[in-house]
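All remarks here apply to the structure that follows.
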Amino acid sequence: MKICVLVKEVPDAGVRKRIDPASGRLDRSGERTLNPYDTHAIEAAMVLREGGEVEVSEIVAVTMGPEGAVRALHKAVSLGADRSVHLCDEALVGSDVAATGYALAAALEREQPDLVLLGQQSDDGECYTVGAIVADHLRMPSLTQVIKLDVVDGGLRCERQAEYGYDTVEVALPAVVSVGDAINEPRYPSLKAIMGAKKKPLATLSAAEAGIDPGRVGAGGSGAVWSGAQEPPAKPAGQIIEDEDTDATVAQIIAWLEQRKLI
Ligand SMILES: Cc1cc2nc3c(=O)[nH]c(=O)nc-3n(C[C@H](O)[C@H](O)[C@H](O)COP(=O)(O)OP(=O)(O)OC[C@H]3O[C@@H](n4cnc5c(N)ncnc54)[C@H](O)[C@@H]3O)c2cc1C
(Lines give C-alpha, C1' and ligand atoms only; values in the text may rest on other atoms or scores of the structure.)
Protein backbone atom coordinates (compact mmCIF):
# COMPACT_ATOMS: atom_id res chain seq x y z
CA MET A 1 0.00 0.00 0.00
CA LYS A 2 1.32 3.40 -0.96
CA ILE A 3 0.17 6.21 1.33
CA CYS A 4 0.35 9.93 0.56
CA VAL A 5 -0.12 12.29 3.51
CA LEU A 6 -1.09 15.89 2.83
CA VAL A 7 0.71 18.29 5.13
CA LYS A 8 0.73 22.05 5.45
CA GLU A 9 2.92 24.67 7.07
CA VAL A 10 0.87 27.03 9.25
CA PRO A 11 1.60 29.94 11.59
CA ASP A 12 2.62 28.72 15.05
CA ALA A 13 -0.22 28.54 17.59
CA GLY A 14 1.43 31.37 19.55
CA VAL A 15 1.26 33.79 16.59
CA ARG A 16 -1.76 36.11 16.54
CA LYS A 17 -3.51 35.40 13.25
CA ARG A 18 -4.63 38.37 11.18
CA ILE A 19 -5.73 39.11 7.63
CA ASP A 20 -3.39 41.38 5.71
CA PRO A 21 -5.77 44.15 4.59
CA ALA A 22 -3.62 44.90 1.52
CA SER A 23 -3.77 41.42 0.01
CA GLY A 24 -6.89 40.12 1.76
CA ARG A 25 -4.93 37.01 2.69
CA LEU A 26 -3.83 35.54 5.98
CA ASP A 27 -0.64 37.19 7.19
CA ARG A 28 1.67 34.18 7.35
CA SER A 29 4.70 36.04 8.70
CA GLY A 30 6.30 34.97 11.98
CA GLU A 31 7.08 31.58 13.45
CA ARG A 32 5.66 28.68 11.43
CA THR A 33 5.19 25.01 12.07
CA LEU A 34 3.76 21.79 10.64
CA ASN A 35 -0.04 21.90 11.00
CA PRO A 36 -0.53 19.95 14.28
CA TYR A 37 -3.60 18.11 12.86
CA ASP A 38 -1.38 16.65 10.12
CA THR A 39 0.85 14.93 12.67
CA HIS A 40 -2.13 12.65 13.43
CA ALA A 41 -2.36 11.72 9.73
CA ILE A 42 1.37 10.87 9.59
CA GLU A 43 1.04 8.84 12.79
CA ALA A 44 -1.95 6.97 11.31
CA ALA A 45 0.21 6.05 8.30
CA MET A 46 2.99 4.85 10.63
CA VAL A 47 0.54 2.77 12.69
CA LEU A 48 -0.69 1.07 9.48
CA ARG A 49 2.92 0.35 8.52
CA GLU A 50 3.90 -0.96 11.94
CA GLY A 51 0.63 -2.90 12.44
CA GLY A 52 1.74 -5.50 9.90
CA GLU A 53 -1.81 -6.12 8.55
CA VAL A 54 -0.75 -4.67 5.23
CA GLU A 55 2.61 -3.96 3.65
CA VAL A 56 3.07 -0.19 3.41
CA SER A 57 5.58 0.25 0.61
CA GLU A 58 5.89 4.02 0.89
CA ILE A 59 4.70 7.00 2.90
CA VAL A 60 4.98 10.21 0.89
CA ALA A 61 4.38 13.66 2.41
CA VAL A 62 2.87 16.14 -0.07
CA THR A 63 2.45 19.87 0.33
CA MET A 64 1.55 22.92 -1.72
CA GLY A 65 3.08 26.13 -0.48
CA PRO A 66 5.87 28.70 -0.79
CA GLU A 67 9.56 27.76 -0.56
CA GLY A 68 9.53 27.82 3.26
CA ALA A 69 6.89 25.08 3.32
CA VAL A 70 9.75 22.65 2.85
CA ARG A 71 10.19 22.85 6.65
CA ALA A 72 6.82 21.13 7.08
CA LEU A 73 8.02 18.37 4.74
CA HIS A 74 11.22 17.90 6.77
CA LYS A 75 9.15 17.60 9.93
CA ALA A 76 6.82 15.09 8.21
CA VAL A 77 9.83 13.02 7.16
CA SER A 78 11.28 13.16 10.68
CA LEU A 79 7.95 11.75 11.88
CA GLY A 80 8.16 8.79 9.49
CA ALA A 81 7.48 9.73 5.85
CA ASP A 82 9.97 8.17 3.41
CA ARG A 83 10.11 11.07 0.97
CA SER A 84 8.24 14.23 0.10
CA VAL A 85 6.76 16.23 -2.78
CA HIS A 86 6.62 20.02 -2.76
CA LEU A 87 4.22 21.70 -5.18
CA CYS A 88 5.64 25.20 -5.37
CA ASP A 89 4.89 27.82 -8.00
CA GLU A 90 4.11 31.54 -8.14
CA ALA A 91 1.08 30.65 -10.26
CA LEU A 92 -0.48 28.99 -7.18
CA VAL A 93 -0.34 32.09 -4.95
CA GLY A 94 -3.82 33.29 -4.02
CA SER A 95 -5.51 29.93 -4.66
CA ASP A 96 -8.73 29.51 -2.67
CA VAL A 97 -9.69 26.20 -1.13
CA ALA A 98 -11.24 24.81 -4.35
CA ALA A 99 -8.14 25.71 -6.38
CA THR A 100 -5.86 24.33 -3.64
CA GLY A 101 -7.75 21.01 -3.68
CA TYR A 102 -7.54 20.84 -7.47
CA ALA A 103 -3.78 21.51 -7.45
CA LEU A 104 -3.10 18.97 -4.69
CA ALA A 105 -5.14 16.36 -6.57
CA ALA A 106 -3.01 16.97 -9.67
CA ALA A 107 0.18 16.36 -7.65
CA LEU A 108 -1.37 13.23 -6.12
CA GLU A 109 -2.40 11.86 -9.51
CA ARG A 110 1.28 11.53 -10.41
CA GLU A 111 1.85 9.47 -7.27
CA GLN A 112 -1.08 7.04 -7.72
CA PRO A 113 -1.50 6.39 -3.97
CA ASP A 114 -3.72 3.65 -2.55
CA LEU A 115 -4.58 5.88 0.39
CA VAL A 116 -4.48 9.64 0.89
CA LEU A 117 -4.47 10.77 4.53
CA LEU A 118 -5.06 14.31 5.83
CA GLY A 119 -5.65 16.06 9.11
CA GLN A 120 -9.21 17.11 9.91
CA GLN A 121 -8.47 20.81 9.44
CA SER A 122 -5.64 23.26 9.09
CA ASP A 123 -4.76 25.47 12.03
CA ASP A 124 -4.92 28.62 9.89
CA GLY A 125 -7.50 28.33 7.08
CA GLU A 126 -9.74 25.86 8.97
CA CYS A 127 -11.80 25.14 5.84
CA TYR A 128 -12.17 21.40 6.75
CA THR A 129 -12.83 20.73 3.07
CA VAL A 130 -9.54 19.93 1.32
CA GLY A 131 -10.02 16.16 1.77
CA ALA A 132 -13.43 16.14 0.08
CA ILE A 133 -12.26 18.36 -2.79
CA VAL A 134 -9.18 16.22 -3.42
CA ALA A 135 -11.31 13.04 -3.33
CA ASP A 136 -13.75 14.51 -5.83
CA HIS A 137 -10.98 15.35 -8.31
CA LEU A 138 -9.39 11.93 -7.88
CA ARG A 139 -12.83 10.24 -8.11
CA MET A 140 -12.08 8.39 -4.87
CA PRO A 141 -14.37 7.83 -1.88
CA SER A 142 -13.93 10.41 0.89
CA LEU A 143 -14.20 9.77 4.62
CA THR A 144 -13.85 12.46 7.28
CA GLN A 145 -13.41 12.55 11.08
CA VAL A 146 -11.98 9.03 11.15
CA ILE A 147 -10.77 8.03 14.61
CA LYS A 148 -10.02 4.33 13.96
CA LEU A 149 -8.57 2.66 10.89
CA ASP A 150 -8.36 -1.11 10.36
CA VAL A 151 -7.30 -3.01 7.27
CA VAL A 152 -9.97 -5.52 6.07
CA ASP A 153 -10.00 -7.54 2.84
CA GLY A 154 -7.85 -5.10 0.93
CA GLY A 155 -9.95 -2.13 2.09
CA LEU A 156 -10.38 -0.21 5.33
CA ARG A 157 -12.87 -0.37 8.17
CA CYS A 158 -13.11 3.09 9.68
CA GLU A 159 -14.80 4.47 12.72
CA ARG A 160 -16.06 8.01 12.22
CA GLN A 161 -16.76 10.40 15.04
CA ALA A 162 -20.28 11.64 14.30
CA GLU A 163 -22.42 14.15 16.17
CA TYR A 164 -24.45 11.54 18.08
CA GLY A 165 -22.04 8.61 18.24
CA TYR A 166 -19.76 6.65 15.97
CA ASP A 167 -20.27 5.40 12.40
CA THR A 168 -18.49 2.27 11.23
CA VAL A 169 -17.83 2.48 7.49
CA GLU A 170 -16.02 0.09 5.18
CA VAL A 171 -14.31 1.61 2.20
CA ALA A 172 -12.51 0.11 -0.80
CA LEU A 173 -9.13 1.51 -1.79
CA PRO A 174 -8.00 3.85 -3.22
CA ALA A 175 -9.61 6.35 -0.84
CA VAL A 176 -9.10 9.74 0.78
CA VAL A 177 -9.40 9.77 4.57
CA SER A 178 -9.14 12.75 6.86
CA VAL A 179 -8.46 11.75 10.45
CA GLY A 180 -9.73 13.34 13.65
CA ASP A 181 -7.24 14.30 16.33
CA ALA A 182 -8.69 11.61 18.64
CA ILE A 183 -7.26 8.87 16.38
CA ASN A 184 -3.85 8.69 18.03
CA GLU A 185 -1.13 10.38 20.05
CA PRO A 186 1.54 11.43 17.54
CA ARG A 187 5.08 10.40 18.40
CA TYR A 188 7.94 12.84 18.88
CA PRO A 189 10.65 12.65 16.24
CA SER A 190 13.98 11.25 17.40
CA LEU A 191 17.07 13.46 17.17
CA LYS A 192 18.48 11.05 14.55
CA ALA A 193 15.29 11.38 12.45
CA ILE A 194 15.39 15.19 12.69
CA MET A 195 19.05 15.22 11.62
CA GLY A 196 18.41 12.79 8.75
CA ALA A 197 15.22 14.44 7.42
CA LYS A 198 16.97 16.82 5.05
CA LYS A 199 18.75 13.90 3.37
CA LYS A 200 15.51 12.10 2.40
CA PRO A 201 14.36 12.50 -1.24
CA LEU A 202 12.34 15.64 -1.91
CA ALA A 203 10.84 16.43 -5.32
CA THR A 204 9.87 20.02 -6.10
CA LEU A 205 7.14 20.31 -8.70
CA SER A 206 6.07 23.35 -10.67
CA ALA A 207 2.42 23.78 -11.62
CA ALA A 208 3.26 22.81 -15.22
CA GLU A 209 5.12 19.68 -14.09
CA ALA A 210 2.05 18.63 -12.11
CA GLY A 211 -0.13 19.14 -15.20
CA ILE A 212 -2.07 21.97 -13.55
CA ASP A 213 -4.20 24.22 -15.74
CA PRO A 214 -2.97 27.74 -14.78
CA GLY A 215 -6.47 29.12 -15.36
CA ARG A 216 -7.81 27.02 -12.46
CA VAL A 217 -5.38 28.17 -9.75
CA GLY A 218 -4.07 31.37 -8.20
CA ALA A 219 -6.23 34.42 -7.52
CA GLY A 220 -7.46 34.40 -11.14
CA GLY A 221 -8.59 30.78 -10.95
CA SER A 222 -10.32 31.19 -7.57
CA GLY A 223 -14.01 31.92 -7.12
CA ALA A 224 -13.73 33.00 -3.47
CA VAL A 225 -12.89 36.67 -3.00
CA TRP A 226 -12.06 38.20 0.38
CA SER A 227 -14.30 41.20 0.85
CA GLY A 228 -13.47 42.34 4.37
CA ALA A 229 -12.93 41.37 7.97
CA GLN A 230 -13.92 42.85 11.31
CA GLU A 231 -12.40 42.55 14.75
CA PRO A 232 -14.76 40.68 17.11
CA PRO A 233 -16.61 43.13 19.40
CA ALA A 234 -14.69 43.88 22.60
CA LYS A 235 -15.96 41.96 25.62
CA PRO A 236 -17.25 44.01 28.57
CA ALA A 237 -14.94 43.91 31.58
CA GLY A 238 -15.69 41.08 34.04
CA GLN A 239 -16.65 41.56 37.70
CA ILE A 240 -14.17 40.38 40.31
CA ILE A 241 -15.61 39.36 43.66
CA GLU A 242 -12.97 39.33 46.40
CA ASP A 243 -13.41 36.51 48.92
CA GLU A 244 -13.08 38.37 52.19
CA ASP A 245 -16.06 36.81 53.94
CA THR A 246 -17.01 33.46 52.34
CA ASP A 247 -20.73 33.62 53.32
CA ALA A 248 -21.03 37.10 51.84
CA THR A 249 -19.09 36.03 48.73
CA VAL A 250 -21.36 33.00 48.15
CA ALA A 251 -24.46 35.20 48.64
CA GLN A 252 -23.08 37.69 46.12
CA ILE A 253 -22.38 34.97 43.53
CA ILE A 254 -25.85 33.44 43.99
CA ALA A 255 -27.47 36.88 43.60
CA TRP A 256 -25.40 37.46 40.43
CA LEU A 257 -26.47 34.11 38.95
CA GLU A 258 -30.14 34.61 39.95
CA GLN A 259 -30.23 38.06 38.39
CA ARG A 260 -29.24 36.48 35.06
CA LYS A 261 -31.69 33.58 35.55
CA LEU A 262 -28.78 31.13 35.47
CA ILE A 263 -30.03 29.31 38.59
C1 LIG B 1 -9.82 33.93 -1.49
C2 LIG B 1 -8.75 33.09 -0.88
C3 LIG B 1 -7.43 33.39 -1.18
C4 LIG B 1 -6.41 32.65 -0.61
N5 LIG B 1 -5.12 32.96 -0.89
C6 LIG B 1 -4.11 32.25 -0.35
C7 LIG B 1 -2.76 32.55 -0.61
O8 LIG B 1 -2.45 33.46 -1.37
N9 LIG B 1 -1.78 31.81 -0.02
C10 LIG B 1 -2.09 30.78 0.81
O11 LIG B 1 -1.16 30.14 1.32
N12 LIG B 1 -3.36 30.46 1.08
C13 LIG B 1 -4.38 31.16 0.54
N14 LIG B 1 -5.67 30.87 0.84
C15 LIG B 1 -5.91 29.82 1.78
C16 LIG B 1 -5.73 28.51 1.10
O17 LIG B 1 -6.57 28.39 0.02
C18 LIG B 1 -6.05 27.47 2.12
O19 LIG B 1 -4.89 27.23 2.83
C20 LIG B 1 -6.52 26.24 1.41
O21 LIG B 1 -7.76 26.57 0.91
C22 LIG B 1 -6.58 25.08 2.28
O23 LIG B 1 -7.59 25.27 3.22
P24 LIG B 1 -7.34 24.91 4.69
O25 LIG B 1 -5.90 25.04 4.98
O26 LIG B 1 -8.30 25.64 5.52
O27 LIG B 1 -7.67 23.35 4.63
P28 LIG B 1 -8.51 22.42 5.58
O29 LIG B 1 -9.56 21.80 4.73
O30 LIG B 1 -8.92 23.07 6.87
O31 LIG B 1 -7.37 21.39 5.91
C32 LIG B 1 -7.56 19.98 5.90
C33 LIG B 1 -6.24 19.33 5.64
O34 LIG B 1 -5.90 19.62 4.29
C35 LIG B 1 -4.50 19.62 4.16
N36 LIG B 1 -4.07 20.82 3.46
C37 LIG B 1 -4.66 22.05 3.44
N38 LIG B 1 -3.95 22.87 2.68
C39 LIG B 1 -2.90 22.18 2.20
C40 LIG B 1 -1.80 22.49 1.37
N41 LIG B 1 -1.64 23.69 0.85
N42 LIG B 1 -0.89 21.52 1.09
C43 LIG B 1 -1.05 20.28 1.60
N44 LIG B 1 -2.05 19.93 2.40
C45 LIG B 1 -2.97 20.86 2.70
C46 LIG B 1 -3.92 19.51 5.51
O47 LIG B 1 -3.56 18.17 5.71
C48 LIG B 1 -5.08 19.84 6.46
O49 LIG B 1 -4.92 19.21 7.64
C50 LIG B 1 -6.73 31.57 0.28
C51 LIG B 1 -8.05 31.27 0.57
C52 LIG B 1 -9.07 32.01 0.00
C53 LIG B 1 -10.49 31.64 0.33
(request) Could you pull the accessible area for Ile194 with a 1.4 Å probe, rounded to 10 Å²? (result) 90
(request) Counting only DSSP beta bridges with both residues in the chain, tell me the antiparallel percent, nearest 5. (result) 40
(request) With label points built 7 Å along Cα→Cβ from the Cα atoms of Tyr166 and Ala203, find their separation and express it in nm. (result) 3.7
(request) Using only Cα positions of the range 1-42, each an equal point scatterer, no hydration layer, compute I(q)/I(0) via Debye at q = 0.20, 0.24, 0.31, 0.33 Å⁻¹ and quote the log10 values to two decimals. (result) -0.68, -0.83, -1.05, -1.10
(request) May I ask you to give the average projected area over all directions of the convex hull of the Cα atoms of the range 82-135, in nm² rounded to one decimal? (result) 4.3
(message) Just to make sure I understand: if all protein chains stay in place, what is the order of Cys88, Cys127, Cys158 by accessible area at 1.4 Å, largest first?
(response) Cys127, Cys88, Cys158
(request) Per DSSP H run of at least 4 residues, take -39500 (n - 2.57); add these up for the chain, divide by its residues and hand me the 222 nm value, nearest 500 deg cm²/dmol. (result) -8000 deg cm²/dmol
(request) Measure off, as a whole percent, the carbon and sulfur share of the 1.4 Å-probe accessible area of the range 2-216, all protein chains present. (result) 50
(message) Explain nothing, just compute: Karplus ³J(HN,Hα) = 6.51 cos²θ - 1.76 cosθ + 1.60, θ = phi - 60°, for every residue of the range 235-244 in order, whole Hz, x for Gly and Pro.
(response) 7, x, 4, x, 10, 9, 9, 6, 8, 9
(request) Wrap a convex hull around the Cα atoms of the range 128-191, take a quarter of its surface area, and give that in square nanometres. (result) 5.7
(message) Tell me whether the range 186-263 comes out rounded, prolate or oblate; compute the Cα gyration tensor, take square roots of the eigenvalues as a ≥ b ≥ c, and use a/c under 1.5 as the rounded threshold.
(response) oblate
(request) Keeping all protein chains in position, work out how much accessible area Glu55 exposes to a 1.4 Å probe, and write it in Å² to the nearest 10. (result) 150
(message) Give the separation of the Cα centroids, the range 209-254 to the range 113-189, in Å.
(response) 27
(request) Give the Kirkwood hydrodynamic radius (Å, one decimal) of the range 39-118, defined as one over the mean of 1/r across all pairs of different Cα atoms. (result) 13.5
(request) Note the direction-averaged projected area, equal to a quarter of the hull surface, for the Cα convex hull of the range 2-216, in nm². (result) 12.2
(request) Could you give the C-alpha radius of gyration of the range 133-239 expressed as a fraction of 2.2 N^0.38 Å, taking N as the number of residues it contains? (result) 1.61
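The values are calculated or read from the model by the stated rules, or taken from the named source; none is laboratory data. What you see is a predicted model; the values in this text were computed from it and never measured. In this analysis, Cβ positions are derived from the backbone assuming ideal geometry, glycine residues included, and neighbour counts consider all displayed protein chains. Surface accessibility is based on the protein's heavy atoms, side chains included, excluding ligands, DNA and RNA. Shrake-Rupley method; radii C 1.70, N 1.55, O 1.52, S 1.80 Å.
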